[in-house]
2 protein chains.
Amino acid sequence: MRNIAMRVAYDGTHFVGSQWQSQGRSVQGVLESTWNTFTREQKRFTFAGRTDAGVHAYAQVANVYTASDYPVATVQRACNALLPADVAVYAVQEVADDFHARHSAVQRRYRYLIDDTPVAQPLLRHAVLHVPWPLDLAAMQAAMDMLPGEHDFVGFARAMKSTSSTTRICYEARCYRIRVLEQTLIAVELVANAFLYAMVRTVVGTLLQVGSGQRDPSDIAAVLISKDRRQAGPTAPPHGLTLVDVVYPPDILAATESRTQRLRIGNEDIFTESRRDTA
Amino acid sequence: MRNIAMRVAYDGTHFVGSQWQSQGRSVQGVLESTWNTFTREQKRFTFAGRTDAGVHAYAQVANVYTASDYPVATVQRACNALLPADVAVYAVQEVADDFHARHSAVQRRYRYLIDDTPVAQPLLRHAVLHVPWPLDLAAMQAAMDMLPGEHDFVGFARAMKSTSSTTRICYEARCYRIRVLEQTLIAVELVANAFLYAMVRTVVGTLLQVGSGQRDPSDIAAVLISKDRRQAGPTAPPHGLTLVDVVYPPDILAATESRTQRLRIGNEDIFTESRRDTA
């Protein structure tokens with residue numbers, strides 16, 4: 001059996017989420033049925049991060065064990081030919097047997113886009129949250145400055161029955177203005193080793209209150225210390241959120257093909273060369 | 001009667017075009033029925049530029065004569081509250097009686113977005129043409145350098161029965177790389193006093209052949225000289241195209257309200273202040 005990893009992008013608008021569910025159209029379900037059409041194998045895909053209905057991805061990572069021996073370029077071409085228009089496979093590579101899209105990942109990067117101008121841009125309505133009043137970016141950044149480091153983020157998580165640790169390491173937390181299709185948006189960007197369920201959206205919901213002057217930036221620290229979900233703001237809606245990147249250690253994602261050897265570090269895309277070559 | 005001008009943005013994906021048609025959902029039809037719901041008046045809206053099905057707008061301009069006396073801020077709020085999510089009114093202002101959205105306009109700016117990477121970004125699929133091979137941007141720009149000036153553009157126009165002039169003045173023609181949501185796209189931007197039917201898309205279709213190495217940049221000049229539509233390339237699909245701006249002379253769009261007095265010149269938006277103030 002070969003272990004195949006893929007970098008997958010999707011528009012989450014018409015999905016019930018990344019994970020297979022008993023009802024509705026999931027990214028996993030669409031990928032698995034595409035894989036079945038292509039290889040005749042019934043396989044489970046493992047995803048790096050679970051994204052909710054409406055949440056998008058530029059670089060979700062999935063892996064699958066397969067008995068097929070198609071070259072990775074063929075796998076990518078076949079998948080893209082068979083997949084619906086709201087999912088695309090950016091890259092495919094063969095990985096070590098013990099590569100696990102979720103467990104092997106060391107960092108996830110999420111970005112939440114907000115339009116704080118009075119009238120939203122219709123073309124961006126599925127990917128940007130519209131808040132029709134100006135937000136205080138400096139106050140939001142002051143709040144976000146309290147996030148980096150190792151913390152128990154349970155105050156920002158949706159309640160779960162799990163008894164596992166709710167401590168995560170946040171590597172980066174910043175907000176900035178970004179120009180997208182004639183609109184100047186706000187991007188809230190968070191990088192951590194992993195995220196608790198609904199954590200990014202709950203942080204964003206709290207930041208929206210800070211940016212709107214309803215709360216003090218220091219409230220972010222208060223939520224962390226309290227470990228009480230009721231102290232945080234509401235969960236922001238899903239459609240503003242995108243899983244932008246997933247990072248793996250170089251030795252784990254060591255490529256078997258020379259053209260996909262570069263690992264994504266920061267903004268360098270591991271799969272850039274592969275994407276360019278497999279037109 | 002007051003003459004009211006609006007700056008309108010829309011996602012053209014689910015419209016048959018900007019103009020009213022006997023069948024299907026047009027931007028004009030949606031605006032007119034919204035206006036009817038709001039004011040109880042049955043009015044015709046005049047548009048600055050006719051956009052086809054699938055073509056988008058950031059700043060289409062429309063005007064309407066009305067007996068209503070609502071303040072412009074109320075007009076904007078009411079329209080945005082009543083309009084579907086794929087149309088938005090960015091600004092409203094009262095204009096002189098002789099202001100005509102189409103006849104008074106002195107410049108239109110169109111932008112066509114192309115993704116020439118092997119795999120398209122799903123989130124942008126309704127606004128960007130995907131060409132899965134790299135395009136030669138320098139060759140495309142060399143071709144575009146022949147467009148500025150006063151020319152008979154009939155070779156780039158879809159055949160029409162009209163006997164009116166097909167001469168237009170092109171003010172700007174450039175292509176450049178633009179970063180949109182993690183994807184590096186190509187933007188083809190054209191500014192002219194006015195455009196013939198399907199002209200931008202036919203220029204782009206020809207440029208795609210130039211960028212793909214199928215034609216020489218000088219072919220653009222050959223099409224202009226020949227005045228023969230068969231010399232041009234195919235008409236590029238509509239979804240990559242956006243009407244980005246419409247410019248009016250300062251004296252014609254002289255604002256009646258101080259907060260909307262700045263006219264859009266270049267990238268300065270006439271309505272910026274109004275948009276900011278009417279949250």
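Quick notes on this structure:
- Pairs with Cβ under 6 Å, 6+ apart, first in region A:129-141 and within 13 Å of chain B (Cβ to nearest Cβ), second modelled with pLDDT under 95 and part of a loop (DSSP other than H, G, I, E, B): A:His130/A:Ala120; A:Pro132/A:Pro118; A:Pro132/B:Ala279; A:Trp133/B:Ala279
- Residue list for region A:34-86, restricted to those being open to solvent by less than 40 Å² (accessible area, probe 1.4 Å), within 14 Å of chain B (Cβ to nearest Cβ), out of contact with any Asp or Glu (no Cβ under 8 Å at 6 or more places or on another chain) and not in a helix (DSSP H, G or I): A:Thr51, A:Gly54, A:Val55, A:Ala57, A:Gln60, A:Leu83
- Residues of region A:14-33 that turn out to be under 14 Å from the mean Cα position of the chain (by Cα) and either of a type in the set (Val, Ile, Thr) or in a loop (DSSP other than H, G, I, E, B) (or both), as a count: 3
- Check on B:Gly49, in contact with a His (Cβ under 6 Å, 6 or more places away or on another chain) and either on the phi < 0 side of the Ramachandran plot or not assigned by TED's automatic domain parsing to the domain that holds B:Gln214 (or both): no
- Single match in A:Ala96, A:Ala101 (criterion: small (Gly, Ala, Ser), in contact (Cβ under 8 Å) with a residue 40 or more places away in the chain, out of contact with any helix residue (DSSP H, G or I) (no Cβ under 8 Å at 6 or more places or on another chain) and open to solvent by 10 Å² or more (accessible area, probe 1.4 Å)): A:Ala96
- Any hit, region B:104-113, residues being under 30 Å from A:Asn80 (Cα atoms), more than 11 Å from chain A (Cβ to nearest Cβ), not small (Gly, Ala, Ser) and not in a loop (DSSP other than H, G, I, E, B): yes
- Within region B:182-216, the set of residues being open to solvent by 10 Å² or more (accessible area, probe 1.4 Å) and assigned to a strand (DSSP E or B) comprises just one member, B:Thr184.
- Selection of region B:114-128 for residues being of a type in the set (A, V, I, L, M, F, W, C) and facing chain A (nearest Cβ under 7 Å) yields B:Val119, B:Ala120, B:Leu123, B:Ala127.
- Beta carbons closer than 7 Å, at least 6 apart along the sequence or on distinct chains, pair a first residue in region A:32-52 that is under 13 Å from A:Ala67 (Cβ atoms) and at pLDDT 95 or above with a second that is of a type in the set (A, V, I, L, M) and crowded, with 20+ Cβ neighbours inside 10 Å for A:Trp35/A:Val64; A:Lys43/A:Val64.
- Residues that are open to solvent by 40 Å² or more (accessible area, probe 1.4 Å) and within 30 Å of B:Thr242 (Cα to Cα), drawn from region A:107-136: A:Arg125, A:His126, A:His130, A:Pro132, A:Trp133, A:Pro134
- Residue check for A:Asp136: of a type in the set (D, E, K, R) and in contact with a strand residue (DSSP E or B) (Cβ under 8 Å, 6 or more places away or on another chain): no
- Residue count, region B:138-168 (criterion: farther than 16 Å from B:Ile225 by Cβ and open to solvent by 50 Å² or more (accessible area, probe 1.4 Å)): 9
- Among the residues of region A:1-21, just one is touching a Gly at 6+ places or on another chain (Cβ under 9 Å), open to solvent by less than 40 Å² (accessible area, probe 1.4 Å) and facing another protein chain (nearest Cβ under 10 Å), namely A:Gly12.
The values are calculated or read from the model by the stated rules, or taken from the named source; none is laboratory data. A quick note: this is a predicted structure, and the numbers were derived from the prediction, not measured. When we count neighbours, we look across all protein chains shown, and the Cβ atoms used for this are built from the backbone with ideal geometry, even at glycine. For the accessible areas, the whole protein counts, side chains as well, though only heavy atoms, and no ligand, DNA or RNA atoms are used. Shrake-Rupley method; radii C 1.70, N 1.55, O 1.52, S 1.80 Å.
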